[in-house]
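Bear in mind that the values in this text are calculations on the coordinates, not laboratory data. Quick caveat, the model's predicted, so the values are computed rather than measured. No Cβ is skipped: glycine too gets one built from the backbone with ideal geometry, and neighbour counts run over all protein chains shown.
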Amino acid sequence: MKQVKAYVVSNNRILPDMARPNGRAILGSHLMRLHCPEIAAEAKPGQFVMVRCPDEVGILPRPFSIHRVRNEDIGLFYAVLEGGKGTPWLSRRQQHETLELFGPLGNGFSINSASKNLLLVAGGVGVAPLIFLAQQAVRERCSATLLLGAAATSQLYPRNLLPPKVKLAIATEEGSSGRKGRVTDLIPEFIGEADQVFACGPMAMYKDMHRLRNDLLKDKPTQVSLEMVMGCGRGICYGCTVKTKNGVKEACTDGPVFELDDILWDEIDTSGY
Ligand SMILES: Cc1cc2nc3c(=O)[nH]c(=O)nc-3n(C[C@H](O)[C@H](O)[C@H](O)COP(=O)(O)OP(=O)(O)OC[C@H]3O[C@@H](n4cnc5c(N)ncnc54)[C@H](O)[C@@H]3O)c2cc1C
Ligand code: FES
């Protein structure tokens with residue numbers, strides 16, 4: 001883990017605002033590229049960084065998945081939250097400004113050596129860590145199929161930013177692109193060939209996947225990345241505890257990636273997500 005000062009190479013809004021009936025509105029989603037060779041050299045897909053914010057934004061650093069790595073740069077893909085402090089502040093950072101961050105943190109995803117076909121399930125901004133995973137899968141000569149879900153077409157991660165050779169299937173809740181419905185509705189069509197499943201999205205999506213566990217996802221190793229609210233990111237504050245079959249774990253150090261089966265889903269409060 002490194003503490004670094006990284007300069008902003010670019011910070012562009014790539015998706016528009018979106019109202020959410022059951023949560024905070026998103027005031028655009030941004031792609032930020034940061035020059036930080038120390039973190040880029042160590043990062044694994046599924047790991048995250050903590051970005052320090054100035055005092056007026058609050059003392060807690062904010063966690064963001066490492067979205068992609070290119071040479072000495074890392075990318076972050078983040079939603080700007082209505083009423084939030086950290087993400088609006090981040091969205092205003094300009095090219096050549098410097099940010100303080102530390103990472104890479106957490107365990108990251110692991111691709112089994114025998115796996116050849118990976119199924120990636122992304123709900124909304126949850127696509128963030130899965131793009132880095134897709135990059136690695138292609139490098140390791142695995143095939144990667146990305147199931148991408150969003151509320152509407154305008155909220156879909158842009159196709160032209162996907163790593164080459166990644167297969168794509170889309171679901172939108174309003175039906176304006178791809179299958180009408182949730183991204184988990186696409187799983188039956190694609191699960192057959194998958195050796196391993198990786199997911200990142202809202203807790204409700206994981207609960208759907210947990211319900212598929214005894215049926216479609218049976219015999220399919222499935223890893224999910226949990227975005228718990230975090231304080232320190234380093235196993236000190238106990239702010240990110242999660243109950244698992246193997247006891248209470250800290251999402252920042254034991255996770256954020258867990259086996260779907262290990263989490264005690266009935267004990268997780270999804271109201272805040
Ligand atoms: C491991 C991990 C990876 C993440 N990766 C991404 C990503 O790639 N892209 C992205 O858009 N978001 C990601 N998030 C969520 C992101 O950290 C929050 O949206 C962000 O911290 C909100 O900050 P804010 O100051 O704007 O909101 P505020 O409401 O002002 O935040 C107040 C506090 O609550 C915490 N918080 C609020 N919402 C969340 C949340 N959903 N998850 C975790 N902490 C929260 C903040 O860290 C902060 O400490 C990730 C979260 C975790 C735990
Ligand atoms: S965020 Fe502090 S222990 Fe995990």
Scattering profile of the stretch 213-273 from the Debye formula, Cα beads only, expressed as log10 I(q)/I(0) at q = 0.29 Å⁻¹, is -1.31
Once K180 and V248 are pulled to full extension, the length gained, defined as 0.36 nm per residue separation minus their Cα-Cα distance, is 20.7 nm
For K116, the lysines lying under 21 Å Cα to Cα, once residues fewer than eight places off in the same chain are dropped, come out as K44, K165, K167, K218, K220
So, with points 7 Å from each Cα along the Cβ direction, the E189-R24 label distance in nm works out to 3.4
Once Lys and Arg are counted +1 and Asp and Glu -1 for all other residues with Cβ under 9 Å from that of T241, the total becomes +1
Note: the stretch 122-273, point scatterers on Cα, Debye, no solvent; log10 I/I(0) at q = 0.09, 0.17, 0.19 Å⁻¹ equals -0.29, -1.04, -1.25
Cβ-Cβ cut-off under 12 Å around L148, Lys and Arg +1, Asp and Glu -1: the net charge is +4
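Could you please rank I236, I39, placing first whichever residue has the fewest other Cβ atoms within 10 Å of its Cβ?
I236, I39
How many Å³ per residue does the convex hull of the Cα positions in the stretch 36-164 occupy?
Dividing the Cα hull volume of the stretch 36-164 by its residue count gives 124 Å³.
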Restricting to Cα pairs under 8 Å and 6 or more apart, the percent relative contact order of the stretch 2-105 works out to 38
Between D262 and R139, the two model label points (7 Å from Cα along the beta-carbon direction) sit apart by a distance in nm of 2.3
Computed on Cα atoms, the radius of gyration and Dmax of the chain in angstrom are 17.5, 51
Length gained, R92-R13, 0.36 nm per residue minus C-alpha separation, equals 27.4 nm
Applied in sequence order to the stretch 209-218, the curve 6.51 cos²θ - 1.76 cosθ + 1.60 (Karplus, θ = phi - 60°) yields integer Hz couplings, x standing for Gly and Pro, of 5, 4, 5, 7, 4, 7, 10, 5, 8, 4
Quick note on D261, D73, D266, D219, ordering by fewest other C-beta atoms within 10 Å, gives D219, D266, D261, D73
At 4 °C in a medium of viscosity 1.567 mPa s, the stretch 2-105 has a Stokes-Einstein diffusion coefficient, with Rh taken as the Kirkwood radius over alpha carbon pairs, in µm² per second, of 94
Calculated from DSSP helices alone, with each H run of at least 4 adding -39500 (n - 2.57) and the total divided by the residues of the chain, [θ]222 nm to the nearest 500 comes to -3500 deg cm²/dmol
